[in-house]
Amino acid sequence: MFDLLFERGPDGALYLVWLLSGLGWTLALAFFGWLFAFVIGVFVGINRTRARRVVSFAARLYVEIFRNTPLLVQLFLWYFVLPEMLPATAGDWLKQMPPPWGSFVPALICLSFYTGARVAEQVRAGIEALPRGQSEAAAALGLKPGQVYRHVIVPQALRMIVPSLTSEVMGIYKNTSVALTIGVIELTAQARQISEATFQTFAAFAWATLIYLALALAAYQLMSIIDGRLKIPSHQPGAPRRPREPPLDTGLFPSSEAHIPAGNRP
C-alpha cells in the first residue's frame with residue numbers, strides 16, 4: 001500500500017503528487033464553498049425569522065428547494081443547464097472558461113448554495129431558541145430591527161449553533177467528491193485515475209479514505225476549539241440556573257406575609 005505512493009505515473013510524477021494535487025482541489029472547493037455557504041446561510045436564516053411573510057416565504061422556498069433535492073442533480077443543473085439559461089454572452093463565457101475553472105466554478109456554486117440552505121436552517125433554529133425578551137428589550141432601548149439582529153440576536157445565535165455547524169463543515173469535505181462527475185480532478189477523481197493506471201484499486205481508494213478521514217477529524221477538532229472559546233455558559237445543558245433575587249422591600253407595599261396571621265406563617 002505504501003509502495004503505491006512512490007510509484008510513477010504515465011506523466012512521470014509520483015502518485016503521491018497526484019493525491020496531493022487532488023487534495024489541494026478538494027480543500028479549495030471545501031474552503032471557498034463553506035465561506036460562501038456561511039454568508040448565504042446567515043442571510044437566509046435571518047430572513048426566515050423576519051415578520052414580513054413575503055421575505056420569510058422566499059427564504060423558506062430557497063431552503064426547501066436546495067435542501068431537499070439531490071446534490072448531484074443540482075450539480076448537473078449548474079453545469080449543463082445554467083449556461084443555456086443565461087444570456088448568450090454570459091453563457092458562452094461560462095462554457096468557454098478554460099479547464100479546470102470551467103468545472104470548478106459550477107461545482108463551487110453548487111456546493112455553496114446546497115450547504116447554504118442547510119446552514120440557514122441552523123441559523124434559524126439558533127435565532128428562535130433565544131428568549132423573545134432579548135429582542136424586545138433591545139427594541140425598547142431604541143435599536144432598529146437591523147441593529148437588533150446585528151448586535152444582539154445573530155451573535156448569540158451563531159455562538160449557540162457552533163456544535164451543529166460542525167456536521168456541516170465535516171460534510172462539505174465529503175460532498176466535494178461529486179465534483180468529479182463534471183471533470184474536477186479532486187481527491188476521489190485522482191484515486192480513480194490511480195486505480196485505472198495501476199489496477200491497485202484497494203490501495204488507491206484506501207489512501208483517499210484515510211485523507212478524507214483526516215480532514216474530517218481536523219475539522220471536528222477545529223470546530224471543538226471554536227466551540228470551547230465561543231460557547232455561552234448559561235445556554236449549555238445542565239448549566240446552573242441563576243438564583244431568583246428576592247423582591248426589594250421598599251416599605252411602600254406590605255409583603256405577602258404581612259397578611260398572614262403570625263401563628264399561621266411558615
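The values are calculated or read from the model by the stated rules, or taken from the named source; none is laboratory data. Here the structure is a predicted model, which means the values were calculated and not measured. Cβ sites come from the backbone with ideal geometry, for glycine too, and all protein chains shown count toward neighbours. Remember, those area values only see protein heavy atoms, side chains included, never the ligands or the DNA or RNA. Shrake-Rupley method; radii C 1.70, N 1.55, O 1.52, S 1.80 Å.
Go through Arg52, Arg67 for me and flag whichever is modelled with pLDDT under 95 and over 21 Å from Tyr173 (Cβ atoms).
Just one listed residue meets the conditions, Arg52.
Run Ser164 past the list (1) of a type in the set (S, T, N, Q); (2) at pLDDT below 90; (3) out of contact with any helix residue (DSSP H, G or I) (no Cβ under 6 Å at 6 or more places or on another chain) and report the number of the one that doesn't hold.
Here Ser164 clears every test but (3).
Does the stretch 190-198 contain any residue that is farther than 17 Å from Pro100 by Cβ, without any contact (Cβ under 8 Å) to a residue 24 or more places away in the chain and out of contact with any Pro (no Cβ under 6 Å at 6 or more places or on another chain)?
Checking the stretch 190-198: at least one residue is farther than 17 Å from Pro100 by Cβ, without any contact (Cβ under 8 Å) to a residue 24 or more places away in the chain and out of contact with any Pro (no Cβ under 6 Å at 6 or more places or on another chain).
Hey, does the stretch 71-88 have a residue that's in contact with a helix residue (DSSP H, G or I) (Cβ under 6 Å, 6 or more places away or on another chain), open to solvent by 40 Å² or more (accessible area, probe 1.4 Å), at pLDDT 90 or above and hydroxyl-bearing (Ser, Thr, Tyr)?
yes
Among the residues of the stretch 127-176, what is the count of those that are part of a helix (DSSP H, G or I) and either of a type in the set (S, T, N, Q) or within 20 Å of the chain's Cα centre (by Cα) (or both)?
Count: 31.
Looking for whichever is part of a loop (DSSP other than H, G, I, E, B) and either within 21 Å of Val184 (Cβ to Cβ) or within 30 Å of the chain's Cα centre (by Cα) (or both) here; the options are Arg60, Arg50. Which one fits?
Matching residue, one of Arg60, Arg50: Arg50.
Exactly one condition in (1) open to solvent by 50 Å² or more (accessible area, probe 1.4 Å); (2) free of Cβ contacts under 8 Å to residues at least 40 places away in the same chain is false for Ser135; which is it?
(1)
Matching residues to (1) closer than 16 Å to Leu71 by Cα; (2) of a type in the set (Lys, Arg):
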{"site": "Glu121", "(1), (2)": "no, no"}
{"site": "Glu136", "(1), (2)": "no, no"}
{"site": "Ala140", "(1), (2)": "no, no"}
{"site": "Val154", "(1), (2)": "no, no"}
{"site": "Arg159", "(1), (2)": "no, yes"}
{"site": "Ser167", "(1), (2)": "no, no"}
{"site": "Ile172", "(1), (2)": "yes, no"}
{"site": "Thr198", "(1), (2)": "no, no"}
{"site": "Ala203", "(1), (2)": "no, no"}
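What's the number of the only condition in (1) open to solvent by 70 Å² or more (accessible area, probe 1.4 Å); (2) over 18 Å from Leu19 (Cα atoms) that Ile226 fails to meet?
(1) is the only condition that Ile226 fails.
Can you find even one residue in the stretch 200-211 that is of a type in the set (S, T, N, Q) and loosely packed, with under 15 Cβ neighbours inside 10 Å?
To start, the set of residues in the stretch 200-211 that are of a type in the set (S, T, N, Q) comprises 200-201, 209.
Then keep just the ones that are loosely packed, with under 15 Cβ neighbours inside 10 Å; that gives 201, 209.
Among the residues of the stretch 200-211, at least one is of a type in the set (S, T, N, Q) and loosely packed, with under 15 Cβ neighbours inside 10 Å, which makes the answer yes.
Could you tell me whether the stretch 116-130 includes any residue that is basic (Lys, Arg) and crowded, with 17+ Cβ neighbours inside 10 Å?
Within the stretch 116-130, one or more residues are basic (Lys, Arg) and crowded, with 17+ Cβ neighbours inside 10 Å.
Counting only residues that are touching a residue at least 24 places away in the same chain (Cβ under 8 Å) and surrounded by 14 or more Cβ atoms within 10 Å (Cβ to Cβ), how many does the stretch 89-101 have?
1
Is it the case, given these coordinates, that Leu158 is over 17 Å from Ala107 (Cα atoms), surrounded by fewer than 21 Cβ atoms within 10 Å (Cβ to Cβ) and free of Cβ contacts under 8 Å to residues at least 60 places away in the same chain?
Values: over 17 Å from Ala107 (Cα atoms): yes; surrounded by fewer than 21 Cβ atoms within 10 Å (Cβ to Cβ): yes; free of Cβ contacts under 8 Å to residues at least 60 places away in the same chain: no.
Judged against the criteria, Leu158 is not a match.
Of the residues Gly251, Gly238, Gly263, which single one is at pLDDT below 90 and open to solvent by less than 70 Å² (accessible area, probe 1.4 Å)?
Gly251
Filter the stretch 48-65 down to the residues that are surrounded by 14 or more Cβ atoms within 10 Å (Cβ to Cβ) and among the small types (Gly, Ala, Ser), then identify the one that is nearest to Arg132 (Cα to Cα). Full working, then the answer.
Keep residues of the stretch 48-65 that are surrounded by 14 or more Cβ atoms within 10 Å (Cβ to Cβ), which gives 48-50, 55-56, 58-60, 62-63.
Filter once more, keeping what is among the small types (Gly, Ala, Ser): 56, 58-59.
Working: Ser56: 18, Ala58: 23, Ala59: 21 Å.
Ranking the candidates gives Ser56 first.
Can you name every residue in the stretch 138-155 that is open to solvent by 60 Å² or more (accessible area, probe 1.4 Å) and either charged (D, E, K, R) or within 17 Å of Ser56 (Cβ to Cβ) (or both)?
Lys144, Pro145, Arg150 - these are the residues of the stretch 138-155 that are open to solvent by 60 Å² or more (accessible area, probe 1.4 Å) and either charged (D, E, K, R) or within 17 Å of Ser56 (Cβ to Cβ) (or both).
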